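Notes to accompany the following structure.
The values are calculated or read from the model by the stated rules, or taken from the named source; none is laboratory data. Please read all numbers here as calculations on a predicted model, not as lab measurements. Note that we place each Cβ from the backbone using ideal geometry, even for glycine, and neighbour counts take in every protein chain shown.
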Amino acid sequence: MSAQSIDLTAGDLVEARRFGRRQITGMVFGVAGIALIALVAPNITGDTRTFAFEPPPDALDFSFDPPTMVTIIGLIYLLAGGLSFLPQQFDRWAGRGQLLAAAATIPLILVVALGLSATPATNVTNLFDESLVLATPIALGAMTGLWSERSGIINIGIEGTMLGSAGVGFMIFATLGEASSTTWLWIAILVAVLTGGALALLLAVLSIRYQINQIVAGVVINLFALGLTGFLRSEVIVPSGNSKGISTSEFGIPLLEQIPILGDTFFTGKPIHYMMYAVVFLTWLVMFRTAWGLRVRSCGEDPHAAETLGIDVIKTRYRSVVLGGFIAGLAGAWFSMESQSGFEDNMTNAAGFIALAAMIFGKWTPGGAFAGALLFGFARALGSRLQFLEVEISGFGIPSEFFQSLPFAVTLVVVAGALGRSIAPAAEGQPYRPSK
Amino acid sequence: MAGDDERIPVLDVRGVTKTFPGVIANEDVDLVLHEGEIHCLLGENGAGKSTLMNVVFGLYQPDKGSIRVRGEQVQFTGVGDAIDHGIGMVHQHFQLIPVFTVAENVILGNELTNGPFLDINEARRRIIELEDKYGLAVDPDAKVGDLSVGEQQRVEVIKALFREAEILILDEPTAVLTPGEVDEFFGVVRSLVDQGKSIIFITHKLREVLAVADRITVLRNGKVAGTADPSTATQKSLANLMVGREVVFQVAKGDAHPGDPVIKITGLRVEDVRGARTVNGLSVEVRAGEIFGVAGVEGNGQRELVEAVTGMRPKIGGTVEILGQDATKMSPRQITELGTGHIPEDRNKHGVVGAYSIADNLILNRYFKPPFARRWLRNEAAIASEAEELVAQFDVRTPGIHVAVDNLSGGNQQKVIVARELTGDVKALVVAQPTRGLDVGSIEFIHNAIIALRDKGVGVLLVSAELDEILSLSDRIGVLYRGRLVGTFDGADATREELGYLMATGAAPESEEAAS
Ligand SMILES: Nc1ncnc2c1ncn2[C@@H]1O[C@H](COP(=O)(O)OP(=O)(O)OP(=O)(O)O)[C@@H](O)[C@H]1O
Ligand SMILES: [Mg+2]
């Protein structure tokens, strides 16, 4: 039994700190930090650039010279990289460092884009305002996904549910309200919400009652909505002569809207946008603080265990999926009656799928999914802004898509490293048959 | 004791029949439970014990028969009704949600609320109250997935008590517990009875039955085979009643004729899921034609040892050689292909694919080879005939080979795994807890099968929490303590006491020399 005397060796101690995903992410940040300091900072223009926070004249603003800013952010990256290689007990700090570095990426993109552009100043308040607005349907769609998937039903039909609601809602508005009556506008929004519920009910019947593969059921919803709304547009909406009209109007929250800078960004806006915040908050509150939420989550984790506690899994799933459908219906109304007035074919333009991505990014939690929606909203807003800025390197225009894709690249790194694995509800997608 | 009892029973099951497609799981079953008593329900794997209890618990609706609770005729349409009548059940496979906390698991379905919101504080208070009353320690805020099996068991009991169950059904609660946990569990059971609860207790361990039962009912093939009085019954008489024939408790085995080493482990170091080094410099040789038993208190590295040898877990250091080849970095498939069979500890996670049929599960380790595969196509005829043969040979109780394994009783699922792993061209066998949850007849059968393989020259590494199993099967026994073998004994000389002492205390270097 000589081998038993083998004890801790030097090799063990080296192995003790192994190379995991956190270290790989840290390395990525470290290398990026060095590149920023050594390559980007010296080559970017030294002319002063300005972030404006209010419209001119006498705008509140922040001026800086790009090389210094790039160097500071580069140092943050290096710090995040360094923290990742400390011993195990500092793991939490490594995680925080990486989140900080990730957050610093947003100013970095703006600084670099502005440094490379001929325009010396840009209004960032507007940019954030646009991000929030564009995040509305994504956040709502993510909540739809959350209600469905937390109860155990995979929902890739969010896109179709939104599109169908946008179309049916606007059809009511165009035909009955001539696209001009405020009362009918709100009735039409309600119809959109109900349409969302109806389409979700179809998904629920297909996947719960008939136990069709849930992905297939979702695809069915998407195709059905696409066909249905195309038909409604050309046969009902266009012939009605009311293809365009009014949409929900902007309003400010009394008092709060007068706060400088913030007032404009956060406290003036349109109603569905505000409802989105309420929906996110209520989703969290109901799902994680009430008895019904606990039951919904138990059905998504282990329906048989829920059954042994007297919970009616089938009923719970139906309700949860349909509730999610109502939320998607609201998102549909946003497309055809808030962001613009009118219906175009396929106007949701994959927002439903992006919403799913936001939900997964957020690890199936309302707060996380909302953060994901903001990120996607920001990327979309950034894209249009950059087109406008005409960023170029030595005469060559850089496609705005390049900068637009940067937040996603960072997200990938962060999700892999700082946030860790996201775990779906355990029973998601599996057909369930009650015992008899 | 039984028979001329004038009291109204708390539970009176009469003439219950329950069928599944192709199976009569229960046929005209009677069962009487009196207040404050422990009624043991015995029977072979697949005899219908869990089915009967699920009927009582309202999960299944009986085809025929009646149930009375405290004299009142009841008709349960769902679990909720049974809970309302004070019936609680701890299921054979735990019904817990690993990502929820203990408190959330306990209140689920009977939530305590404060206005519209969950009242976790009140839940915590009541859980702690129950824990103090019945001696069931577990942290209400812990995530259930982080708990040991013994603690999860306690959560299940708390769940039932929280619903104010007066009648508790415990379906094989001790099958998954370590010997220490079993003693603790019986402490809990005793305090439950002292507080006036009535208990139906299912187990395959006859020693436990004789120690705790007030009454015994034995099921066989879905029917009541008889009742027994624990004061006069013996392990042998109970086993005969269960199986319908004589059962030999002590397996007969000849001398071992060990050959060349088939599994050679040197300086093995492995980490568990949490990153703790649970196998730390373990070395052992298992030779052809011998059974090497690893004894030890659970949690000393057994699981990681088995997973490392079978390629399921990476090794931090050391080497594993199987049949003369370096298998340290091999995948499970490669190790299987060398001629290694593996009966895993966690039957449902690593042993079977529950939704697949018995036939498919029986070829999981060879579906890609002829005759089961013809190039890229399955050969259904060969698969079916193999399945028919193994089902008959290993006595798997099932209506057919195309039944999903999920629908088999726990013990029969285990037989499917054993059948698959012991057939084919095996030369080395790694076996973890092979008879957990099996009835005495099946244990006898599997033990004989393992010994038969040994006699054909297979080297067997056996890990078991049952000291009796280790002692009756092993040719050599190693005691695992904190990730190392602290002593090796000759199987014929080792005693329970000697092993138990070493398992509990670790090494005393003088006592270490023995056959090696
Ligand atoms: N849901 C089901 N569908 C079809 N058959 C089933 C189902 N549940 C149990 N059976 C069958 O009913 C019979 C009795 O099973 P049961 O689980 O009650 O046995 P058991 O006595 O609890 O066995 P074990 O000791 O192995 O747990 C078995 O033949 C089993 O295959
Ligand atoms: Mg059972």
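For B:Glu6, are the conditions met, namely being more than 10 Å from ligand 1 (Cβ to nearest atom), touching a residue at least 12 places away in the same chain (Cβ under 8 Å) and outside any strand (DSSP E or B)?
no
With the requirement that a residue be outside any strand (DSSP E or B) and within 8 Å of ligand 1 (Cβ to nearest atom), what does segment B:22-46 give you?
The answer is B:Gly22, B:Glu44, B:Asn45, B:Gly46.
So that you can scan it fast, the table gives a plain yes or no per residue for (1) within 16 Å of ligand 2 (Cβ to nearest atom); (2) crowded, with 17+ Cβ neighbours inside 10 Å; (3) closer than 22 Å to A:Asp302 by Cα:
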| position | (1), (2), (3) |
| --- | --- |
| B:Glu156 | yes, yes, yes |
| B:Lys159 | no, yes, yes |
| B:Asp194 | no, no, no |
| B:Lys197 | no, yes, no |
| B:Val209 | yes, yes, no |
| B:Asp214 | no, yes, no |
| B:Pro230 | no, yes, no |
| B:Ser237 | no, no, no |
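For residues that are within 16 Å of ligand 2 (Cβ to nearest atom) and part of a loop (DSSP other than H, G, I, E, B), scanning just segment B:404-442, find the one that is farthest from the other protein chains (Cβ to nearest Cβ).
My answer is B:Thr435.
Is there any pair linking a residue in segment B:83-101 that is facing another protein chain (nearest Cβ under 8 Å) and under 26 Å from B:Val10 (Cα atoms) to one that is surrounded by 20 or more Cβ atoms within 10 Å (Cβ to Cβ) and aromatic (Phe, Trp, Tyr), with Cβ under 8 Å and at least six apart or on different chains, and which?
Partner pairs satisfying both residue conditions: B:Met89/B:Phe57.
Yes or no: B:Glu122 surrounded by 21 or more Cβ atoms within 10 Å (Cβ to Cβ) and either in the same structural domain as B:Phe394 (by TED's automatic domain parsing) or away from ligand 2 (no atom under 16 Å from the Cβ) (or both)?
When the stated conditions are applied, B:Glu122 does not pass them.
Filter segment B:314-371 down to the residues that are basic (Lys, Arg) and over 17 Å from B:Pro434 (Cβ atoms) and list them by number.
Selection gives B:Lys315, B:Lys329, B:Arg333, B:Arg366, B:Lys369.
Per-residue answers, yes or no, for (1) away from every other protein chain (no Cβ under 14 Å); (2) in a helix (DSSP H, G or I); (3) at pLDDT 85 or above:
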{"site": "A:Asp7", "(1), (2), (3)": "no, no, no"}
{"site": "A:Phe19", "(1), (2), (3)": "no, no, no"}
{"site": "A:Gln23", "(1), (2), (3)": "yes, yes, no"}
{"site": "A:Gly26", "(1), (2), (3)": "yes, yes, yes"}
{"site": "A:Val31", "(1), (2), (3)": "yes, yes, yes"}
{"site": "A:Ala35", "(1), (2), (3)": "yes, yes, yes"}
{"site": "A:Ala38", "(1), (2), (3)": "yes, yes, yes"}
{"site": "A:Gly46", "(1), (2), (3)": "yes, no, no"}
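Is at least one residue of segment B:216-225 crowded, with 22+ Cβ neighbours inside 10 Å, in contact with a helix residue (DSSP H, G or I) (Cβ under 9 Å, 6 or more places away or on another chain) and in a loop (DSSP other than H, G, I, E, B)?
Yes - at least one qualifying residue is present in segment B:216-225.
Given the condition within 12 Å of ligand 2 (Cβ to nearest atom), in contact with a strand residue (DSSP E or B) (Cβ under 7 Å, 6 or more places away or on another chain) and at negative phi, answer yes or no: does some residue in segment B:53-73 qualify?
Checked against the condition, which is being within 12 Å of ligand 2 (Cβ to nearest atom), in contact with a strand residue (DSSP E or B) (Cβ under 7 Å, 6 or more places away or on another chain) and at negative phi, segment B:53-73 yields at least one hit.
Among what's in segment B:392-403 and is surrounded by fewer than 24 Cβ atoms within 10 Å (Cβ to Cβ) and more than 8 Å from ligand 1 (Cβ to nearest atom), pick the residue that is farthest from the other protein chains (Cβ to nearest Cβ).
Of everything passing the filter in segment B:392-403, B:Gln393 is farthest from the other protein chains (Cβ to nearest Cβ).
Is it fair to say A:Leu79 is aliphatic (A, V, I, L, M), more than 29 Å from A:Trp284 (Cβ to Cβ), surrounded by fewer than 20 Cβ atoms within 10 Å (Cβ to Cβ) and touching a strand residue (DSSP E or B) at 6+ places or on another chain (Cβ under 9 Å)?
no
Among the residues of segment B:171-178, is any of a type in the set (Gly, Ala, Ser) and touching a strand residue (DSSP E or B) at 6+ places or on another chain (Cβ under 6 Å)?
Within segment B:171-178, none of the residues are of a type in the set (Gly, Ala, Ser) and touching a strand residue (DSSP E or B) at 6+ places or on another chain (Cβ under 6 Å).
For residues that are over 24 Å from B:Ser50 (Cα atoms), surrounded by fewer than 17 Cβ atoms within 10 Å (Cβ to Cβ) and of a type outside the set (A, V, I, L, M, F, W, C), tally how many sit in segment B:126-154.
Summing the residues that are over 24 Å from B:Ser50 (Cα atoms), surrounded by fewer than 17 Cβ atoms within 10 Å (Cβ to Cβ) and of a type outside the set (A, V, I, L, M, F, W, C) in segment B:126-154 gives 9.
Restricting to segment B:53-82, and then to whatever is within 14 Å of chain A (Cβ to nearest Cβ) and closer than 21 Å to B:Thr227 by Cβ, can you tell me which residue is nearest to ligand 1 (Cβ to nearest atom)?
B:Met53
Of all residues in segment A:244-283, which are acidic (Asp, Glu) and over 30 Å from A:Glu178 (Cα atoms)?
A:Glu257, A:Asp264
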